[in-house]
Amino acid sequence: MSRESYAGKINRKFTKKVHVVEVAAGREPADLVLKNATYVNVFCNELSHGDIAVAGGLIAGMGEAYHGKVEVDVGGKLVLPGFVDAHIHLESSLVSPTEFVKAVLPHGTTTVITDPHEITNVMGTDGIEYILQATEGLPVDVRVMLPSCVPATPLDESGAALDYRAIDSFYEHGRVEGLAEMMNFVGVVGADEEVLQKIVAAQAHHKKIDGHAPDLSGNALNAYIAAGVYSDHECSNMKDALAKLERGQYIMIREGTAARNLDALLPLLTPQYYTYCMFCTDDKHPNDLLELGHMDYIVKRAIKAGVDPIIAVKCASHHAARYFLLNNRGAIAPGFLADFVVIDNFDDFNILSVYKKGRLMFDGEKLADVPRPEIEPYLVKHAHETFHVAHLEAADFAETRPRGVLGMVPGEIVTEDAGYADKIDAANDILKIAVVERHKNTRHIGIGYIKGYGLKSGAVATSISHDSHNIIVVGTNEEDMAAAVNRVVELGGGIVVWDGEAKGELQLQIAGIMSEEPLTVVNEKLEKAKEAAFTLGVSRGVDPFMTLSFMALPVIPTLRLTTRGVFDVGNQKYV
């Protein structure tokens, strides 16, 4: 930055600071005043009263004598700090970041902490840069945690393999907060050199390191935390959560689409424990965003379950801001960002308006314009050219020797070892499943069998296949499996239900995992594709695509399928 531009920046900040101080002191009118406010005071754990004055996007002060250019009477209502999602993968919404922001702003979310490891597994460091550019200047602050596991394990074939050197320069970006969920807890506990280098590098930049270590305990947990992992969002029961909390980890209570842990962890939301707890969604799919909401849904659920409303609000705002050292948000106090959620009351919890930096973004009915950030052309081109797969034939999926059977567990993404099979037997729910490498045209195809999916005819294929996002397909015959995969490639990514022809499909042309269409359109096409899958026999208790997408992630027990074949996670060997 040149001396002139630096001087100009300082001058602008000085001018803004003078304005804030003058308004706070009552010598100048505020830009906005919320009159007669009853607001959550996160510092005193009570409801406070007074006018809230805003200047330059910041809260200048609270009191009784403020006047502004714009005054809004919020008497009889409640004003809360803007909500903060402590951990989410934006890609899980299946839409662009702009569309995601349009969906969550009306629900009071003003800041999210995202881990772009889905797109990074496809595009490498270009994926990180894509998300940073695609979220620049949006009216929801998108803070980024750098992916720690690309690929998730050495067993995966992803679009890139990143060590600490590859991501180190990104720590200098103003919106990068740290190192995202360290899923390779085995590597941490085992003092793996490459894994610990990533943690040391993040700490050298004075950044946070988030965790991902379900049910880790004893000395292994001690080693994981001692290495420098500060939080965990994978706790599904109180035993696991307390083991981590008593050792100093922050607990991110997750209530998303794929995993819902709020009910099990409600006992944390008491005066004894809640100080080190915050809320997150992790994954949030289109239908959930449209039908249930976002962070407001978690707060409402907690309050209805008997949690003190102020505790619920603090876990949805102040605690995440404090943990990530975002010291100017998550509270209604002088000098904090003027991010407000105005609701009717705690019982009904209807959101009446949302302000971002003092600007009215949602008036209860209409959302203000949300910009679409400019993305460099080379990144757009890369995001739309991520499939390198030769045309496939039925013979590519032929296999006569016995293969392991992934036994699906109703309502879960874990599997059981269901033995072996050497052919499709749809009448007994034994289907063929395959993972097709799609990043480098290796022609690697892992083949196995799956039980519990229920498909009776045709095939289902998707390029959402955690975390490497190769193409995963399940079918009752090899011809339809090949056709479904070829159609996914032709679309440049997506979800396809095939039975002699496409019965339902959703194009995901951004890295094969996100659509360029509006959320409502994406949801409509997704629901039609789901219904097509159910019509072909997929069990109604199974999400045809979400459940399938996790069958290739070799960090979840018991059996998984990679591009190299069926893998036993517990015994760490191919079967």
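The values are calculated or read from the model by the stated rules, or taken from the named source; none is laboratory data. Quick caveat: nothing in here was measured; it's all calculated off a predicted structure. Note that each Cβ is placed from the backbone with ideal geometry, even for glycine, and that neighbours are counted across all protein chains shown. Protein only, heavy atoms only, side chains kept; ligands, DNA and RNA dropped before computing areas. Shrake-Rupley method; radii C 1.70, N 1.55, O 1.52, S 1.80 Å.
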Matching residues, region 547-575, being in a helix (DSSP H, G or I) and either touching a helix residue (DSSP H, G or I) at 6+ places or on another chain (Cβ under 9 Å) or open to solvent by less than 10 Å² (accessible area, probe 1.4 Å) (or both): Leu548, Ser549
Lys381 without any contact (Cβ under 8 Å) to a residue 24 or more places away in the chain and either out of contact with any strand residue (DSSP E or B) (no Cβ under 8 Å at 6 or more places or on another chain) or within 28 Å of Glu527 (Cβ to Cβ) (or both): yes
Residues (over 17 Å from Val140 (Cβ atoms), open to solvent by 10 Å² or more (accessible area, probe 1.4 Å) and touching a residue at least 60 places away in the same chain (Cβ under 8 Å)) located in region 319-331: Leu325
Near pairs, Cβ below 6 angstrom, 6+ apart or cross-chain, from region 196-220 (closer than 25 Å to Pro557 by Cβ and open to solvent by 50 Å² or more (accessible area, probe 1.4 Å)) to any residue that is assigned to a helix (DSSP H, G or I) and among the acidic types (Asp, Glu): Asp215/Asp240
Failed item in (1) open to solvent by less than 30 Å² (accessible area, probe 1.4 Å); (2) within 17 Å of Pro334 (Cα to Cα), with Gly8 passing the rest: (2)
Residues being assigned to a loop (DSSP other than H, G, I, E, B), touching a strand residue (DSSP E or B) at 6+ places or on another chain (Cβ under 9 Å) and closer than 29 Å to Phe387 by Cβ - total across region 399-441: 4
Selected residue (criterion: surrounded by the fewest Cβ atoms within 10 Å (Cβ to Cβ)) from residues of region 45-96 that are touching a strand residue (DSSP E or B) at 6+ places or on another chain (Cβ under 7 Å) and among the polar types (S, T, N, Q): Ser48
Sole exception among (1) farther than 21 Å from Ala331 by Cα; (2) open to solvent by less than 10 Å² (accessible area, probe 1.4 Å) for Thr125, by number: (2)
Options Asp73, Asp85: the member that is touching a Ser or Thr at 6+ places or on another chain (Cβ under 9 Å) and among the charged types (D, E, K, R): Asp85
Filter result for Arg403 (buried (at least 19 other Cβ atoms within 10 Å of the Cβ) and either under 30 Å from Asp126 (Cβ atoms) or modelled with pLDDT under 95 (or both)): no
Residue tally, condition outside any strand (DSSP E or B), open to solvent by 20 Å² or more (accessible area, probe 1.4 Å) and touching a strand residue (DSSP E or B) at 6+ places or on another chain (Cβ under 9 Å), over region 332-357: 8
Evaluation of Leu34 against (1) in contact with a helix residue (DSSP H, G or I) (Cβ under 8 Å, 6 or more places away or on another chain); (2) under 19 Å from Asp339 (Cβ atoms) (one fails), failing number: (1)
Single residue of Met238, Met295 found to be buried (at least 20 other Cβ atoms within 10 Å of the Cβ) and not β-branched (Val, Ile, Thr): Met295
Answer residue from region 358-388, given it is small (Gly, Ala, Ser) and farther than 18 Å from Gln133 by Cα and is surrounded by the most Cβ atoms within 10 Å (Cβ to Cβ) among those: Gly358
Given (1) assigned to a loop (DSSP other than H, G, I, E, B); (2) surrounded by fewer than 21 Cβ atoms within 10 Å (Cβ to Cβ), number of the condition Arg301 does not satisfy: (1)
